[in-house]
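Take a look at the structure set out below.
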Amino acid sequence: MAHNNVEIEIKINVSESIFMRTREKLNKIATFVKKNRQNDAYYMPAHRNFVELQFPFEWLSIRKRGDAAILSYKHWYPENSAVTTHCDEFETKVENQEQLEKIFKALDIKPLVAVEKEREVYQFKDEFEISLDTVKDLGHFIEIESLKDFGSIEETRQKLFDFARELGVDASNPDLRGYPYLILKKNGVIK
């Protein structure tokens, strides 16, 4: 959930034991919001190869959430960088996913990769949304996203790392690329 179309988050790959311990702590200090299964289909237009760069910085996806579908575009900054700080995130609900997929096909926007995950969402005050993700073929992740502006991108990122520490999660080696990148790399599409 982006704040003013800017998403600032950290994502940490964790062991199952840290994942379970974090869930227990969140049940004590945060508000449980929901649990659901999420299927995200990522696409790429023929005229723009998102994955030709060493560090892709754009993703276009149709996100399936129960009966709802959401069209999402993310653009990470700085572009083509090993470490990103934030992204523009534009999303809109899609009334008819099948028709959108037909439009994509007509425009030569091809499927790239699918991400399947079980997600539990918690909220800590009005500050953070915490997602506990079990991602098919990748494992367990904790994602902490800012729900508000803490002054600057750098200050907001620092708050995310501070909160991870409060949860007892080592965020010194966060995932910097996201689930589609990790799956594409695992499958040898990205070197």
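With just the Cα atoms defining each centre, how far is region 107-180 from region 44-79? Give it in Å.
16
Explain nothing, just compute: Karplus ³J(HN,Hα) = 6.51 cos²θ - 1.76 cosθ + 1.60, θ = phi - 60°, for every residue of region 37-51 in order, whole Hz, x for Gly and Pro.
These are the phi-based 3J(HN,Hα) values: 9, 10, 10, 10, 9, 9, 10, 9, x, 4, 7, 8, 7, 5, 9 Hz.
Let me test this: with uniform point scatterers at the alpha carbons of region 8-186, what is the Debye-based log₁₀ I(q)/I(0) at q = 0.11, 0.15, 0.18 1/Å?
Values, matching the q order: -0.49, -0.93, -1.31.
Over the Cα atoms of region 95-164, what Rg and Dmax result, in angstrom?
17.2, 46
Counting only helical runs of four or more DSSP H residues, what would the 222 nm mean residue ellipticity of the chain come to if each run contributes -39,500 (n - 2.57) and the total is spread over all its residues?
Helix-only estimate at 222 nm: -7500 deg cm²/dmol.
Given H placed 1.01 Å from N in the peptide plane, which residues other than close sequence neighbours of HIS86 have an amide H under 5 Å from its amide H?
TYR77
Under a 5 Å amide H to amide H cut-off, with H placed in plane at 1.01 Å, what residues pair with PHE57 once short-range neighbours are removed?
Under 5 Å from the amide H of PHE57 lie the amide H atoms of ASN80, each far enough along the sequence or on another chain.
By how many nm would the segment from GLU24 to LEU147 grow when fully extended, if each residue of separation counts as 0.36 nm and the alpha-carbon distance is taken off?
That pair, GLU24 and LEU147, stretches by 42.1 nm at full extension.
From the backbone phi of region 143-155, what are the Karplus-calculated ³J(HN,Hα) couplings (6.51 cos²θ - 1.76 cosθ + 1.60, θ = phi - 60°) in whole Hz, Gly and Pro given as x?
These are the phi-based 3J(HN,Hα) values: 10, 10, 10, 6, 9, 8, 8, 9, x, 8, 4, 5, 5 Hz.
Apply the Karplus parameterisation 6.51 cos²θ - 1.76 cosθ + 1.60, with θ equal to phi minus 60°, to every residue of region 106-122 and state each ³J(HN,Hα) to the nearest whole Hz, in sequence, with x for glycine and proline.
Couplings: 5, 8, 6, 9, 9, x, 10, 7, 10, 10, 10, 8, 9, 10, 10, 10, 10 Hz.
Tell me which GluC sites (Glu not before Pro) from region 25-95 have a DSSP coil assignment and no more than 15 other beta carbons within 10 Å of their own.
GLU52, GLU79, GLU95
Counting Lys and Arg as +1 and Asp and Glu as -1, each charge on the Cβ, what is the dipole of region 8-186 about the Cα centre in debye, to the nearest 20?
Approximately 500 debye in magnitude.
Let's test the formula: R0 of 22 Å, r as the Cβ-Cβ distance of ARG37 and ASP137. What FRET efficiency results, to the nearest 0.05?
0.90
Each value in this text was obtained by applying a stated rule to the coordinates, not by laboratory testing. Since we're looking at a predicted model, the values are computed, not measured. Virtual Cβ from ideal backbone geometry, glycine too; neighbours counted across all protein chains shown.
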